[in-house]
There are 2 protein chains.
Amino acid sequence: MGIVVQKYGGSSVSTIEKIQEIAERLIKRKENGDSMVVVVSAMGDTTDDLINLAHEISSSPDKRELDALLSTGEIISSSLLAMAIKEKGYESVSYTGYQLKIQTTDNHGKALIKDLDENRLKESLKEGKIVIVAGFQGIDSEGDITTLGRGGSDTTAVALACKIGASCEIYTDVDGIYSADPRKLKGALKLDSIHYEEMLELASLGAQVMHSRSIELASKYDIPIYVGLSTGDIRGTLIMNNMYMESKPITGIATSNEDIAITLKDINSNVNIISNLFNSIAEEKINIDMISQTSPVDDKVNISFTIPKDELEECMEIIKVYVNDTQITFDEDITKFSVVGIGMKTTSGVAARIFKLFSDNDIEVKMVTTSEIRITCAIKRSDELKAIKLVAKEFDISK
Amino acid sequence: MGIVVQKYGGSSVSTIEKIQEIAERLIKRKENGDSMVVVVSAMGDTTDDLINLAHEISSSPDKRELDALLSTGEIISSSLLAMAIKEKGYESVSYTGYQLKIQTTDNHGKALIKDLDENRLKESLKEGKIVIVAGFQGIDSEGDITTLGRGGSDTTAVALACKIGASCEIYTDVDGIYSADPRKLKGALKLDSIHYEEMLELASLGAQVMHSRSIELASKYDIPIYVGLSTGDIRGTLIMNNMYMESKPITGIATSNEDIAITLKDINSNVNIISNLFNSIAEEKINIDMISQTSPVDDKVNISFTIPKDELEECMEIIKVYVNDTQITFDEDITKFSVVGIGMKTTSGVAARIFKLFSDNDIEVKMVTTSEIRITCAIKRSDELKAIKLVAKEFDISK
């Protein structure tokens, strides 16, 4: 009997038939007494199609214009869903990002939500309407259209839920969160619930189910997020503040093959150069993940770090300001292998167990980075599946 | 060296290649010293494709949602055009209807422009940018997206030109205004210029080149409109306040097969019923054109009128409130044949000449309506081409 914010991904609204099915679902839920706010992504491959159009014009299309272009995908799906609900005799209204005054930073393509005006939305709910919201988009202080980047519609949904104090349900094409990618580990376990922090680590590490920013947001406002299939009755996973007295040290494993390691050799260990370089990269919102640095020899150090492969070009433009071509080498044979678990906070020796396991099984660890609840190793691509299987068995997170 | 507002129709921007050609044109013009504002329609068949999507959901889709849906077509083409210009190294920016605060009535699908805020546009021009505007759209007082209906992008262009005191150029797939439809009269003459009032009559009568509302607007502000091809150097037609001391009585002929005649029999000649009926129809913005009424017999009259065929369903809903089914008959065998000419103001006897010509050639005139500068007859479809040829010859407006 509360307010529910739901989000449906692109594959859930890829055809008119599917949109009509979602409309039925929403009406049923509404009939059960819930007030419904529904965020939708663009239909099927619409966003990719629009990006392809832009790329016919330019290999790096103007970002302001690209955002205006891409925002149309969600306007199309949201207006069609509202139409479908009205056609079935129920009240509905669709809103674009600017109509809900979803204010963002002006970082086109990767904008962050600053605030939104919930009044119009609440008014529509009061009038008994099922409110449909075009996900993924907002406006900056100039009134220019922005998009929120990957997972943007999830972020829209969570932001709305936080702002109006609703629960949040993300419907997607996976039936929940698993202890490891089921395509990579046959016996992966589906989790009933997972802690925000764990999900956050998994999300930032290649578990594509949800983008980390929406989990951060939900965590900040303590809004539980349900993740599950948009069809059928298979129970999904709740992302929430689940504090168990006892838990396994590791909840899940995530691996990612999307990164490339860059090594800069013989860099003057002058701290300014290094910090300036990393600052410049950070300013472009390029996500550097693993960093390692050798000890200075004759005031020279080697620095290695990983970045997403698709940000390599942008990153190189910055690096070349500081470093000569001859000093740069790349390693593409990188799988980022991560284990995540709130339990690590209270269980020591997890890293040692993993390193021993890898060593015993001839898995080379190229780089390591850790947080309080995660350990990430860069390993060879060819070792990925072996490593998942070994670690899942060692920590009892597979069937 | 002034400000020019140009408008490109859907066929001029139907592919990325064509968009790039337009970008080249605009840059050349800009290089010549003009400040450019460019209104674009949706690419090719985009609007029809979107309408078809909506019709998969409903035979009469919710109008508010349909407008939100359709508005995306012009956002796509305008952002792509701005991208293409920037890719060629020139400054450009695209604006949606709401970003230029194009305020309209809330009449979804047929909204009228009330006002627009030219400040942002002027600022961008000052910064040397080629400004691209998504045509066909605005927002109502609630901030809901509206569309302007047929010829909407022309209206956007003319409204912008009026507001900023620019000249206006409409680029389309016809090379100018002709004395008659060249597909229907081989020797039709292309006009160098045509008076607003004449064009207004022709437009409202089936000459599809421009919608009447944009001509009205241009006439009100005395902004000349150039109409021509978007490619090549063929000279088009200027729609303007061309006052010649002497002119032919007739400038052009227009015919339309889009109408249906409705006859209501034995209506009580009580004026209230009739005026209420026509008021109700007008409130729905259905364009009644020709009206004729018989003299009362026993307080009963027959009323005939024509409406656009595609508004028949909507119109019938209203008529049935006032009249029984048995009293209604339809005539679909209707061609609206019109002659238009400012010269008719000073030349009398034009109607008489046409009626004699038709009578001598066995062309039945079913209904007649006239204005100061036009005569329209409803004739049989099969007489259409014969009538055009005869009248063009009689009044010397063909080769």
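The values are calculated or read from the model by the stated rules, or taken from the named source; none is laboratory data. Because the structure is predicted, anything quoted here is derived from the model rather than measured. For neighbour counting, all protein chains shown are included, and Cβ atoms are generated from backbone atoms with ideal geometry for every residue, glycine included. What goes into the accessible areas is simple: the full protein's heavy atoms, side chains included, and nothing from ligands, DNA or RNA. Shrake-Rupley method; radii C 1.70, N 1.55, O 1.52, S 1.80 Å.
Only residues that are open to solvent by 40 Å² or more (accessible area, probe 1.4 Å) and part of a strand (DSSP E or B) were counted in segment A:329-344, giving 3.
Consider segment B:92-150 and keep the residues that are aromatic (Phe, Trp, Tyr) and within 11 Å of another protein chain (Cβ to nearest Cβ). The one that is nearest to residue A:95 (Cα to Cα) is B:98. Remark: residue B:228 falls outside the filter, which requires a residue to be within 21 Å of residue B:399 (Cα to Cα) and either part of a loop (DSSP other than H, G, I, E, B) or in the same structural domain as residue B:121 (by TED's automatic domain parsing) (or both).
Within segment A:59-83, the set of residues being farther than 23 Å from residue A:38 by Cβ and more than 8 Å from every other protein chain (Cβ to nearest Cβ) comprises A:59, A:60, A:63. Set side by side, the residues B:161, B:188, B:203 differ, and just one is of a type in the set (A, V, I, L, M) and in contact with a helix residue (DSSP H, G or I) (Cβ under 7 Å, 6 or more places away or on another chain), which is B:203. The set of residues in segment B:35-65 being within 23 Å of the chain's Cα centre (by Cα) and surrounded by 24 or more Cβ atoms within 10 Å (Cβ to Cβ) consists of B:37, B:38, B:39, B:40, B:41, B:42, B:43. Condition check for residue B:279 on (1) in contact (Cβ under 8 Å) with a residue 40 or more places away in the chain; (2) over 23 Å from residue B:366 (Cα atoms): one failure, at (1).
In the set (1) assigned to a loop (DSSP other than H, G, I, E, B); (2) at pLDDT 95 or above, residue A:133 fails one condition alone, (1).
Condition check ((1) farther than 18 Å from residue B:39 by Cβ; (2) in a loop (DSSP other than H, G, I, E, B); (3) open to solvent by 40 Å² or more (accessible area, probe 1.4 Å); (4) not assigned by TED's automatic domain parsing to the domain that holds residue B:38) across all residues:
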| site | (1), (2), (3), (4) |
| --- | --- |
| B:85 | no, no, no, no |
| B:98 | no, yes, no, no |
| B:106 | yes, yes, yes, no |
| B:121 | no, no, no, no |
| B:143 | yes, yes, no, no |
| B:146 | no, no, no, no |
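Only one of the numbered conditions (1) touching a residue at least 60 places away in the same chain (Cβ under 8 Å); (2) open to solvent by less than 50 Å² (accessible area, probe 1.4 Å); (3) more than 11 Å from chain B (Cβ to nearest Cβ); (4) out of contact with any Leu (no Cβ under 8 Å at 6 or more places or on another chain) is not met by residue A:21, and that is (2).
Residues that are in a helix (DSSP H, G or I) and open to solvent by less than 10 Å² (accessible area, probe 1.4 Å) within segment A:160-175 comprise A:160, A:161, listed in sequence order. When you look at residue B:16, is it surrounded by fewer than 23 Cβ atoms within 10 Å (Cβ to Cβ), over 29 Å from residue B:142 (Cβ atoms) and either among the hydrophobic types (A, V, I, L, M, F, W, C) or facing chain A (nearest Cβ under 9 Å) (or both), yes or no? Considered against the rule, which asks whether it is surrounded by fewer than 23 Cβ atoms within 10 Å (Cβ to Cβ), over 29 Å from residue B:142 (Cβ atoms) and either among the hydrophobic types (A, V, I, L, M, F, W, C) or facing chain A (nearest Cβ under 9 Å) (or both), residue B:16 comes out as yes.
Scanning segment A:288-328 for residues that are part of a loop (DSSP other than H, G, I, E, B) and aliphatic (A, V, I, L, M) returns A:288, A:290, A:323. Take the conditions (1) over 20 Å from the mean Cα position of the chain (by Cα); (2) open to solvent by less than 50 Å² (accessible area, probe 1.4 Å); residue A:127 misses just one of them, which is (2). Within the span defined as segment B:29-47, one or more residues are touching a residue at least 12 places away in the same chain (Cβ under 8 Å), in a helix (DSSP H, G or I) and away from chain A (no Cβ under 13 Å).
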